[in-house]
Each structure stands twice: as structure tokens, then as C-alpha cells.
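The values are calculated or read from the model by the stated rules, or taken from the named source; none is laboratory data. Just so we're clear, the structure is a prediction, and the values are computed from it rather than from any experiment. Positions of Cβ are backbone-derived with ideal geometry, glycine not excepted, and every protein chain shown enters the neighbour counts. When the accessible area is computed, the model is the full protein with side chains, heavy atoms only, and any ligands, DNA or RNA have been set aside. Shrake-Rupley method; radii C 1.70, N 1.55, O 1.52, S 1.80 Å.
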Amino acid sequence: MTASPLSARAAVAAYAQRDNLRVVDDGVYWLESDPDSGQTRLMCWREGEARQLTPDDLSVRSQVNGYGGGAFCVLDDTVYLVNGGDQQIHALDSRSGALRSLTNLPDSRHGGLVADPVRGRVLAVREHLDNGYGVGQTLVSIDVGNGQAITLAGRERGPDNLGCPVLSADATAMAWVEWRLPAMPWEQTRLRRAVLDTDGAILATEDCSMAIPAAIQQPCFVDQALYALSDHAGWWQAYRIDDFGRWISLSLDNVDGANAPWQLDERHYAWLGNNRWVRVCFEQGLPGLVIVDEHGRRVRRLAEHYTDFRAVQGAGGRVHVIARSVDALDSVLRIDPESGAIEILAGGEHTAACQAMVPPEPFSFRARDDQSVFGFLYRPAGGPGRPPVVMRVHGGPTSAAYPVFDPQVAFWTSHGFAVADVNYRGSSGYGRAFRMSLQGQWGKADVEDIGDAVAHLDRQQAIDGRRAFVTGRSAGGFTVLNALVHTDTFLAGASLFGVSDPESLRDMTHRFESGYLDWLLGDPQVSLTTWQQRTPLFWADRIRSPVIFFQGEQDTVVVPEQTDTMAHVLRRCGVPVEVVRFTDEGHGFRRAENQAQVLDRTLAFFRGRLDANEVDP
């Protein structure tokens, strides 16, 4: 254990996160979270200096599909952005700071913004609402002068979801991905290509989709040539779609080139010119940034110190990217693809928590169906014997954990706990088959993998398996509670806005995920027994380990009543329970003071369990 454990406040202090990078002629733009207020600021790097463009009381954030993405675009000196408060598009003069409303449709949300510089318009995904619930989506082209829009695709009411559009260089062609509920965009999607007239209206469209199931994402144009990522061959790889609709492979490696697209406008590859692409490659779940030629042959790897990359852009012969590493905050990088030289335009701060961060140790083991499961272990510095361990269950569940700086990891390891992140079956970054293996298995495969990871690390003498704890948020909280129901592996658990009653969630969830639970657990009309067996609320009497719950009172996804009911039943069963509620939080805790309280309360709760059991190292 370190001589001076990190305080919770020091762990989360200045923890700014960055995303949504845009590169235009006059500067580099991105979004940056403010840890104290929880707001998201628009930032710009111009003439060697980074500065905030939005006023402090404006948060730039899209809520399309609940997870947003593409919350701004840049056209000349004006930034068109989605106001997180009203979900409408506003125009911000990047020089003067003048702000005006562009759209005014209260029953709508906007996201996936794309500039049309040829016509002086903004393209956007518009989600239509009925009493606050999404009922349909359209792709619209908006006149930046008067806010009037023409509808290009989709319906105001209907099952189709729309991805972020892309334009050809001369704006005569457009492409986008769409998928039909109840599917999720990492299950099966369609790629559409359209010809536009001089006003930006669609003259003709064609379906460029595969004849076999495929999750297509991130289309882009190079001049008039259309490219996209597809996983029909087992991995998210790059293809060129020719004029006859044929898909021509541009990849040689069996690795994913993207993760699951929870947000609009994710970007993991870009054209650099001179027959070169820059791509993110997830090798055994670990992201790397590589230069490849037009045939997919690797030329070189870039930014090897960094371990996650997002919002990849190619501009002026340089790579621009948001990069994350183990020992620093998110960085906005500009990279010379030939020399590999890196310029940090913004971010990359080394906070006290960053300095306390320990290096990750990759590990793997065989799942019960013989698939390889991967994870990352963080050991505490020093201390006698094998340490207790906090097993962290990532959310989603179709998501993944990456070996990057995390204030929680720095906090726990400084207090003598090991931390293990497990990318259980169903996680993204390991190919389509692995990702799809969670279908109908949620609450079983993930629970098995978390428990088996403890046993594996214990056999390796890396941790003390008798002193294991488990924590997770949202979907991860569901796994936590099921692990406590079905195993005796863990001394205690922490559920952060976790799902305890999936049937109730199914009745109340938003449009984007309206069919997700049926995919994860099966159609309840057919698989009722499975739903009952994996509903923690129904089996609360089997839980013997104490549980601490954290809940935002403004949460509309996992509503507070779910947490209250689960805690009430556990108390009646004699299980020690604590419930911590935050009046100013929703589904996810944004304010630093609340994040710090989660760490402090969880540490005290887990330590109390260690003291009660008096397990010697």
C-alpha cells in the first residue's frame, strides 16, 4: 500500500473527458466535460491556443437515442450545436460568441450534425417525441438562415433508426446507416447511398447492404468513392463499395476496427491521401492506431504510448485524434503520419490521480464454452500478501473496458485493493461471434466470467479470492446483483443505478433499447423462465452479502423505484444494505463531488466487510 492513499476528491479532481473532435481550416474543435458542474463545453484550438467557446451555463450534448453523439458541426466561422437543455440546434459565432436559436421544435431532439458547405446547410438526425418518448427519426437538411428543414429519410413515427449522414466531397452524394427496431446497431444495419440535387433533396437512393446479416457502421466518402466498416466476415473491417454495390475488402487482419456504436458519429478510421489510411485496430480488445495502405497492409503504428483512440480525423496530411493513456487525462493529438511525431494540442494533464495510477496487466482465461475471455488487472503498490480485489463490471452490456486512466482504479489501488476489469462474453472489440455470444445469456455468461476471473487470478496468486468485491453500473449493476444471487464469491457488492427488475425496465425503457432486453434474455412470451431466473428482485432472499446502492433521483432509465424496491426486500431478508441517492443526478453521475462520495462510501462499506470477516492475507 502506498504511504499516502489518494483521497476521493483528489482522485476525481480535474477529471475532464474529451470527445467529438472536428477539424476545419481555421481550427480544431472538441467537447470537454467540466468535472465540477457536469456540463459539457465546446472548445477550440486556434493559432496555438485552446479556449472555451460556450458560456458556462450552456452544455453541449445530444440525447438522441439516449446516448447522443455528433452534437455539433462547423460551417465557416459558425458552430452549430445541440443545447443539452432543450435539444435544439443553436448557432454560435466562434469569433464573437454571439448565440442564436436555429430550430424550435419542442417535441424533438437533434444529433449527428454534419455541415453541408456547398449549400450552406446543416444535416442532422431528428428524433421525434410524443410526451417525451421517442417515436420516430428523420434525417433532415436545415437552412442555416431560417431553420427551415427538408426531410431526406425516415419517418416521424416508425421503427427505423438513422445513423449520422456523410457527404461526398462535392456534396452530390450522401450515405447513412439505418436499422429497424428491435435490432441494435451492432446486430444488423443497412447502408444507403443517395444522389442529391442542387438544393440538397434526394433524387434517388440505393440499398448497398449485404445479403447476409451484418452490422455496418461509419460510412465515409473519399471524393465520390464510398467506404464503410462491416462485420459480415466476423470482424468490423474496412470495405470499398463500388458502383455495382460490390464490397471490396481493404483489410488483411482479423481484428475489429471499431467498437459497438452506442453514439452517433463515432469515427475509428480516416483517409490521409497518398494511398494511406489511419485506423484503430482492437487486438484482443486493446486499441492501437495504425497507418495502412490502400490494400490494408500495415505501414506503421502511431502513438504507441496511448491505449484508446476515438474521433479519428485526417486533415492537412496529419492525423487528429482524441487519445487516452494510463497516466494522463484525455489528449487532443496531432500526429505526423510519416515521422510519428506527436503534438499535444490540449489535455494530457498529469493530475495527482494520474501519478498514482498503476500499470495494467493483461490476463486471459477460458470461459465455460471454451472462448477466451480477456481482462486487465491493476495491482496495489506494495503491501504484504495477496491483496483484496474489486471486480468491476462494465456497462452496456455490449461495451468494453480499456486500459486507460480511471480515477476509480487510482483510488482503489492506493488504498490497498487490486482492481480487475473483465471483458466478459458479449463485450465488443473481440469480433462478431464473441459480441453476439451474449444473446439470450445475459445474467449467466457475464456472471460466470466475473466469478471465473476471480478464481483464475486467485490461482495465479495475483489476488486473494477470499476477499473479493464486485461493483458495476447500470447493466453492470444487473451482473453484480445476479453474481450475489447465484454465487458466494463476493464479500459485498456495489450497484450503481443497477437493473434489478428487467421486466419493469422493459416496460419503461426508451425507444433505442426497446428490443435490447429481448435480445439479451429472450422474448418473455417464449423465455419467461429465463427472465424469472435472472431477475435479481425475485431471488433477493438468496443474497447473503451486503450491498450498497447508488441512485440518481432524476434517472429515467433505471428509475429510483427499482433501487428502492430491491433495497427494501434485502432489508426484510436481513441483508445489510445502504442506499445513497443524489437529487441532482440522472443515469450516470457527472458531478465530481458525487463521484467522490461514491468512492468514499464504497470504500468504507467494503472495509467494514473485511473487518467483519477478519480474513487474513
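Numbers below:
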item: Charge dipole magnitude, Cβ of K and R +1, D and E -1 - the chain, Cα centre, debye nearest 20; result: 1020
item: Probe 1.4 Å, all protein chains present, accessible-area order of Y239, Y133, largest first; result: Y133, Y239
item: Separation in nanometres of the label points that stand 7 Å from Cα toward Cβ, at C573 and S101; result: 5.0
item: Lys/Arg +1, Asp/Glu -1 at C-beta; region 436-548 dipole; positive extreme among G443, A455, F538; result: A455
item: Distant alpha-carbon pairs in region 258-393 (separation over 24 angstrom), percent; result: 42
item: Between helix 560-572 and the chain: long-axis angle, C-alpha atoms, 0 to 90°, nearest 10; result: 10
item: Relative contact order, percent, region 136-201 [alpha-carbon distance under 8 Å, six or more residues apart]; result: 25
item: Exposure of E304 as accessible area (Å², to 10), given a probe of 1.4 Å and all protein chains; result: 130
item: DSSP bridge pairs, the chain: antiparallel proportion in percent, nearest 5; result: 85
item: Probe 1.4 Å, protein heavy atoms only - accessible area per residue of the chain in square angstrom; result: 38
item: C-alpha long axis of helix 592-613 to longest principal axis of the chain, angle in °; result: 30
item: Selection from T198, W45, G285, by position along the positive dipole direction of the chain (Cβ); result: G285
item: Lys, Arg +1 and Asp, Glu -1 on Cβ, resulting dipole of region 124-220 about Cα centre, debye, nearest 20; result: 220
item: 5 angstrom amide H check on L102, placed H, neighbours 5+ away; result: I89, H90, A91
item: Dipole of the chain, positive direction: furthest Cα of W236, I216, N275, with charges on the beta-carbon; result: W236
item: Under 14 Å, Cβ to Cβ, from E578 - net charge with Lys/Arg +1 and Asp/Glu -1; result: +3
item: Solvent-accessible area, 1.4 Å probe, carbon plus sulfur percent, for the chain; result: 45
item: Residue-level accessible surface for E49, protein heavy atoms, 1.4 Å, Å²; result: 120
item: Where only alpha carbons of region 496-617 are counted, the Rg and the Dmax (Å); result: 16.2, 50
item: Per-residue SASA entry for R607, accessible area with 1.4 Å probe, Å² rounded to 10; result: 90
item: Exposure ranking of R95, R581 by accessible area [1.4 Å probe, largest first]; result: R95, R581
